[in-house]
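K.L.:
Can you keep this structure in mind? I'll have questions shortly.
The values are calculated or read from the model by the stated rules, or taken from the named source; none is laboratory data. Computed from a predicted structure; not experimentally measured. Here the Cβ positions follow ideal geometry from the backbone for every residue, glycine too, while neighbour counts run over all protein chains shown. Only protein heavy atoms, including side chains, enter the accessible area calculation; ligands, DNA and RNA are left aside. Shrake-Rupley method; radii C 1.70, N 1.55, O 1.52, S 1.80 Å.
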Amino acid sequence: MSKHNPRDERAGYHHVCARGNNKQRIFLSHADRRRFLELVDQIATKYHWEILAYCLMRNHYHLVIRVTDGGLARGMCEINGAYSLHFNRAHSRINHLFGKRYWNEYLDEKHLLNAIRYVVQNPRRAGAPGPLEAHAWTSYRAAIGLALAFGRFARDELLGLFASTPAAAIEKFVAFCEASAAGDASRDPRQPP
């Protein structure tokens, strides 16, 4: 069962999100976004996480992480803390960048795929025009082979959730991500319609 618990440290999949203080922007440049992904990669390596999906919006971010050895709370504190220091130095500002502690939802297998779709569709739901592959700061482009991904992005693990061969997995992943989450939330994307 999917359950929101901000202190959940158990092994498995987690959807985490953090928002800017008072909904302010947390990314002002491509350099900010690159630095954030570098930090995610460093911390994911340190705590042995695998990243299955990500989306960097103007005032918040989403990650879908597989945690094996714990460290979720420490790692998220390190990411948000180090990124806040970077952002404040880079933009000559002080005070809090993030409004609250990060949000966390433990994902059982039934909810994992829908969380991944939710994350990569985030720009579209926010009103950004264009196809999913037009949004550079989500994991979608890396998942389908249109962009390089950072080290801890678990592309093979992600695609393995959809099919055993890369071509079939990409095709099913694309179809699943393009589908309306409300329209087929109960359908297993690994099975034919």
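K.L.:
Return the sequence-ordered ³J(HN,Hα) values of the stretch 77-84 in whole Hz as given by the Karplus equation 6.51 cos²θ - 1.76 cosθ + 1.60 applied to θ = phi - 60°, using x for Gly and Pro.
P.N.:
My calculation for the stretch 77-84 gives 4, 5, 4, 5, x, 5, 5, 4 Hz in order.
K.L.:
Another question, if that's okay. Between Thr68 and Leu146, what length in nm is gained on full extension when 0.36 nm per residue of separation is reduced by their alpha carbon distance?
P.N.:
Going from the current span to full extension adds 25.2 nm.
K.L.:
Pull up all non-local amide H partners of Arg19: gap of 5 or more, or a different chain, and H-to-H distance under 5 Å with H placed in the peptide plane.
P.N.:
It is Gly99, Lys100, by chain and number.
K.L.:
Could you please state how large a percent of the accessible area of the stretch 42-193 is carbon and sulfur, counting protein chains only and using a 1.4 Å probe?
P.N.:
Of all accessible area on the stretch 42-193, carbon and sulfur atoms account for 56 percent.
K.L.:
Can you list the HN-Hα couplings for the stretch 24-39, worked out from phi with the Karplus curve (6.51, -1.76, 1.60; θ = phi - 60°), rounded to whole Hz and with x for Gly and Pro?
P.N.:
Result, rounded to whole Hz: 6, 5, 10, 10, 10, 8, 5, 4, 4, 5, 4, 4, 4, 5, 4, 5.
K.L.:
Just to be sure I understand the model, the point goes 7 Å from the Cα along the line to the Cβ. What's the resulting Arg25 to Asn88 distance in nm?
P.N.:
2.0
K.L.:
Please turn the phi angles of the stretch 121-127 into ³J(HN,Hα) values with the Karplus equation 6.51 cos²θ - 1.76 cosθ + 1.60 (θ = phi - 60°), one per residue in order, whole Hz, x for glycine and proline.
P.N.:
Working through the residues one at a time gives 8, 3, x, 5, 5, 7, x Hz.
K.L.:
Connecting C-alpha atoms closer than 10 Å in a GNM of the chain, tell me which of Ala143, Ala175, Ala53 has the biggest fluctuation.
P.N.:
Answer for the Gaussian network model of the chain: Ala175.
K.L.:
Dipole magnitude of the chain about its Cα centre, charges +1 at Lys/Arg Cβ and -1 at Asp/Glu Cβ only, in debye to the nearest 20?
P.N.:
Here the size comes out at about 800 debye.
K.L.:
Which value, in Å² rounded to 10, gives the accessible area of Arg33 with a 1.4 Å probe and all protein chains present?
P.N.:
30
K.L.:
Hey, what angle do you get for helix 109-120 against the long axis of the chain, alpha-carbon based, 0 to 90 degrees rounded to 10?
P.N.:
60
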